[in-house]
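Colleague: I have a structure here, written as structure tokens, and I will follow up with some questions on it.
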Amino acid sequence: MTAEPETLEISRCASCQARFLPTDAPCPRCGSTEREPYAVAAGGTVLASTELVHPAAGWESPHRLALVEVAEEVRLLAIVDGELPAVGSAVRVRLEGDIYRARAEEAPGPERGEGESPRTGAPGASFEPPR
Ligand SMILES: [Zn+2]
């Protein structure tokens, strides 16, 4: 097994700069077939998640799916490894074959403040997306 990359590959249209998931099809915005691979961080935010009790044949039940937005506002549907992530939570995304898989980011856990930056997650802070 190779080391897990910390990036995710998306495509950028060479003509209109649209970003989209790698595909053999033309650019979904302008139809150009010229695109360049573009690496983004493999982290994303859960937009929606659901659990299927009766998935299609061949899949384990429960089958958890999450709509994840990664960098550049690219969205993808991923199979969830582990517990169902809450909307707005952070996940790591990886590509396995041609299937995206998402796993909840390790919760940093309550840290004792050592006088470091206050940006490291205030305990109890709500994480609601803006309306
Ligand atoms: Zn385009």
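The values are calculated or read from the model by the stated rules, or taken from the named source; none is laboratory data. Fair warning: this is a prediction, and the values are worked out from it, not measured in the lab. Cβ sites come from the backbone with ideal geometry, for glycine too, and all protein chains shown count toward neighbours. These area figures cover heavy atoms from the full protein model, side chains too; ligands, DNA and RNA do not enter into them. Shrake-Rupley method; radii C 1.70, N 1.55, O 1.52, S 1.80 Å.
Colleague: Can you work out the Karplus-derived ³J(HN,Hα) for every residue in region 89-95? Use 6.51 cos²θ - 1.76 cosθ + 1.60 with θ = phi - 60°, whole Hz, and x for glycine or proline.
Modeller: 7, 8, 10, 9, 10, 9, 9
Colleague: Now a separate question. Short version: ³J(HN,Hα) in whole Hz for each residue of region 38-44, in order, from phi by Karplus 6.51 cos²θ - 1.76 cosθ + 1.60 (θ = phi - 60°), x for Gly and Pro, what are they?
Modeller: Listing the rounded values in order: 8, 8, 10, 4, 7, x, x Hz.
Colleague: Hey, could you grab the Kirkwood Rh for region 17-64? Inverse mean 1/r over distinct alpha carbon pairs, Å, one decimal. Write down the numbers at each step before the final one.
Modeller: Working: mean 1/r = 0.0706 Å⁻¹.
Final number for the Kirkwood radius of region 17-64 is 14.2 Å.
Colleague: Taking a probe of 1.4 Å, how large is the accessible area per residue of region 7-104, in Å²? Display every interim value, and only then the final one.
Modeller: Details: 5640 Å² over 98 residues.
Roughly 58 Å² per residue, with all protein chains present.
Colleague: Out of the total accessible area of region 7-104 (probe 1.4 Å, heavy atoms of protein only), what percent is carbon and sulfur? Numbers along the way, then the final one.
Modeller: Numbers: 2750 of 5640 Å².
Of all accessible area on region 7-104, carbon and sulfur atoms account for 49 percent.
Colleague: How large is ³J(HN,Hα) for each residue in region 58-65, as worked out from phi by the Karplus curve 6.51 cos²θ - 1.76 cosθ + 1.60 (θ = phi - 60°), to whole Hz, x for Gly and Pro?
Modeller: x, 10, 6, 10, x, 10, 9, 10
Colleague: Take every Cα pair under 8 Å in region 7-104 that's 6+ residues apart, average their separations, divide by the length, and report that relative contact order as a whole percent. Please list the in-between numbers first.
Modeller: Values: 223 pairs, mean separation 22.6, N = 98.
In percent, rounded to a whole number, it is 23.
Colleague: If you add up the charges near SER49, with Lys and Arg at +1 and Asp and Glu at -1, over every other residue whose beta carbon is less than 15 angstrom from its beta carbon, what do you get? Spell out each step's value before the answer.
Modeller: Values: positive: ARG64, ARG75, ARG92, ARG101, ARG103; negative: GLU51, GLU69, ASP81, GLU83, GLU105.
Residues near SER49 contribute 0 overall.
Colleague: Check ARG35: other-chain or 5+ apart residues with amide H under 5 Å from its amide H, H built from backbone geometry?
Modeller: HN-HN under 5 Å from ARG35: ALA14.
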